[in-house]
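Below you'll find the structure, written out as structure tokens, and then a few comments.
What follows is calculated from the coordinates using simple rules that are stated; it is not laboratory data. Predicted model only: the values in this text are computed from it and were never measured. Note that each Cβ is placed from the backbone with ideal geometry, even for glycine, and that neighbours are counted across all protein chains shown.
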Amino acid sequence: MADNKFLKNDESIDRLYELRKLITKYKHEYFVLNQPTISDAKYDSLFNELIALEEKFPDFFKEDLPTQLVGAMPQEAFHQVKHKIPMLSLLNAFDEKDMQNFDRKLREKLDINLVEYAAEIKLDGLAISLLYERGSLIQAATRGDGHNGEDVTKNARMIRNIPQKLNGTGVPEILEIRGEVIMERKKFKELNNQQKLKNEKKFSNPRNAAAGSLRQLDPTITANRPLSFLSYGLGYYSNDLSFAKHTEIMKKIEIWGLPVSPDMKVVFGLQACVDYYYEIGRRRSTLPYDIDGVVFKVNLIEQQNVMGFVSRAPRWAIAYKYPPEKKSSKVLSIDIQVGRTGALTPVARLQPVFVGGVMVSNATLHNEDEIRRKDIRVGDTVVIRRAGDVIPEIVSVITNKRPVNSQPFIMPKECPVCKSAVDKSKEESISRCTGGLFCPSQCIQSILHFASRRAMDIEGLGNKLVEQLFRKGSIRNVADLYTLTQEQLAELDRMGDKSAVNLITSLQKSKTTELHRFLYALGIREVGESTARTLSTYFGTLEKLMSARVEELLEVPDVGPVVANNIRAFFDELHNREIINRLQYYGVNWPGKIIIGQARPLNGKVFVLTGSLTSMSRDEANDKLAASGARVSNSVSKKTDYVVVGDTPGSKAEKAEKLGVKIIDEAELLGLLNQ
Ligand code: IVH
């Protein structure tokens, strides 16, 4: 760092301005032009010099500067932010057959012979959404659960190739750019070398290093980590931009000054997609960063609108994944884990081996049938594979390396934790402990599920802690969590006063939640996140849901007889109702929502949406319509009551006209919803 302590104040301020200009210039050269004119070390030293000057002269500090720091003080925690449009995931293809199906469905639905695709690499990093207002970066958020993410604005400002201000014309008033934060492999190795020198923990792979570096409460740490950003699309945008193709969007993003994912290519038809997959596959090891597949997107926006979405992913895009890395290891033992629903899962303890970017020492064996089929035994040498975030699995046994005296695996007849009988129903291949709430493992797992990120999101309440609290008798169920005191927590192993205070704070924070999170947290069988969301929107209040009869539950979109009965049985159980009462008594709450049972203005009406809406996303429109009692269908038929036509509508509007179905615009839809 240049020594500025002998500069006079005026000179220092001049230097501060000069440094700001220089940093902005070097950032642009490095990432956008790909032609750096100074070394990384020199850049870092200038950057640190600027940070020091900004700290010295806080009056000259502005929010949107490359060094953006709040008095250099780390934050307590990340704030949650709601994405203007949900951040979606992608459907996956693992082989050519999956790709054939994807391409065929597109051709059938779009009624065309050849699909035009934008082919891209699938970056293996961390998704973020950058929000620009009048061309200035005002917010950066992680993906989170797709609906709400963490506010990482201060950290994102530290990433060199994220511009604080956009260039060019036609920038919408509000613009969301989506992409991936990554760490190049070379930079990752350098970072790990530094970590080693500093005697700090090494990162297991570039993705973890990128995630760990971005999610730092102290943005100065992020500033010294070699992160970069590559965008792959838009989120919300306010103006009436009319793009005909995804590739046009990407060109525009580049003009605005954001780095876009390289290696994008327009390809036509299935064979060209497969060729692209192999071409990138050959170059994979020479790319500067990790990728875990390639992505194909229908290039024409109009066609994307026709295809729409399925659950959390667009129907017009797919990630074609590369096969996961394989390694061999030895099975040291086979243990049984008991889950929150009592399911017994055998887990292989393995001789640790580095595969797919991480050290693996456990692999789930799913169930007894799977072990039988693969005939996995203790002492076996096995082939393991692991890709991305997927749990490692045993692919096969190398039988010629099997020890002579090995024995086939037998599932225990009683629960290894509570000794209750194990039941294996005919329909399922799953063995279950019949202990219910008597089984400590089921209780502990249901508490962990309740606390998990996508449920009540109680930060800091991990496995070891819940186990200790349970064994001490401090908690028996989820409601007991909210009776914990700081003193009780501070007594636990490896728990200091500070951590105890933090946990009490996160417990307190978790009390304000959303109904769908709460429903998911309860752990009702077969009620996953998506069903919990639907139930929350449909019923609006917990009371309505709790008193709904099975017939009423069956009216909810996507709720079949099994789920309806599970829900009814759950709320009929006195113990569960008591827990819910206690949770509410301790202050667990959520904002009230529209109560549908009272007013369902669109009861029984069938809607079809085409084109994009401006005031809400497709997901939101679906939710609102479901809440008003309407059903949203994908295709227009005589049974359709309304076709809502947004921007760049697809062929559905024409079909509606032919069939004489009523066509309405977004304003009319809002009118109907607000009746
Ligand atoms: S498009 C509407 N394109 O993969 C579709 N995603 O598995 C949204 N990703 O959450 C994603 N490279 O973080 C898209 N070229 C690419 C991508 C990409 C990596 C990530 C992204 C997404 C995840 C889905």
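Let me see the P(r) profile for region 527-675: every Cα-Cα distance counted, bins of 10 Å, each bin given as a percent of all pairs. For region 527-675, the binned pair fractions read 10, 35, 30, 17, 7, 1 percent. One Cα centroid belongs to region 435-506, the other to region 167-210; the line between them spans 33 Å. By definition, a body whose alpha carbon gyration tensor gives a ≥ b ≥ c is prolate when a/c is 1.5 or more and a/b is larger than b/c, and region 485-546 fits this prolate description. Taking every alpha-carbon pair under 8 Å whose residues sit at least 6 apart, region 143-284 reaches a relative contact order of 33 percent. Using the Cα centre of the chain as origin and beta-carbon charges of +1 (Lys, Arg) and -1 (Asp, Glu), tell me which of Gln584, Ile336, Asn193 is placed farthest towards the positive end of the dipole. So the residue furthest toward the plus end is Ile336.
Taking the centroid of alpha carbons for each part, region 305-348 and region 586-665 are 33 Å apart. What you get for region 336-447, charging only the Cβ of Lys and Arg (+1) and of Asp and Glu (-1), is a dipole of about 240 debye around the Cα centre. Looking at region 562-675, the DSSP beta bridges with both ends there are about 10 percent antiparallel. Past the 22 angstrom mark, what percentage of all C-alpha to C-alpha distances in region 419-554 do you count? The answer is 48 percent, as a whole percent.
Farthest toward the positive end of the dipole of the chain, out of Leu106, Tyr642, Gln675, is the Cα of Leu106, where the dipole comes from beta carbon charges about the Cα centre. According to the calculation over all Cα-Cα pairs in region 76-159, the P(r) per 5 Å bin from zero is 3, 11, 16, 16, 13, 12, 10, 10, 6, 1, 0, 0 %.
Computed over region 120-210, the range of Cα coordinates on each principal axis works out to 47, 28, 28 Å, biggest value leading.
Measuring from each cysteine beta-carbon in the chain, the ones with no other cysteine beta-carbon under 4.7 angstrom are Cys273, Cys443. Protection proxy ranking of 223-232, 186-195, 649-658, by the mean of other Cβ atoms within 10 Å over each peptide's residues and highest first, is 223-232, 649-658, 186-195. The phi torsions of region 202-207, fed into the Karplus equation with coefficients 6.51, -1.76 and 1.60 and a -60° offset, translate into couplings of 7, 8, 7, 7, x, 5 Hz, rounded to whole numbers, with Gly and Pro shown as x. Which shape class applies to region 207-318: rounded if a/c is under 1.5, otherwise prolate when a/b exceeds b/c and oblate if not, where a ≥ b ≥ c are the square roots of the Cα gyration tensor eigenvalues? In terms of gyration-tensor shape, oblate. Note on region 360-440: Kirkwood radius taken over Cα pairs, Stokes-Einstein applied at 37 °C and 0.692 mPa s, translational D equal to 225 µm² s⁻¹.
If you take the alpha carbon atoms of the chain and fit the smallest convex hull around them, that volume is 196 Å³ per residue. About the centre of its Cα atoms, region 390-459 shows a dipole size close to 280 debye [charges on the beta carbon of Lys, Arg (+1) and Asp, Glu (-1) only; nearest 20 debye]. What net charge do the residues around Tyr585 carry, taking every other residue with its C-beta under 13 Å from that of Tyr585, with Lys and Arg at +1 and Asp and Glu at -1? Once positives and negatives cancel, what remains is +1.
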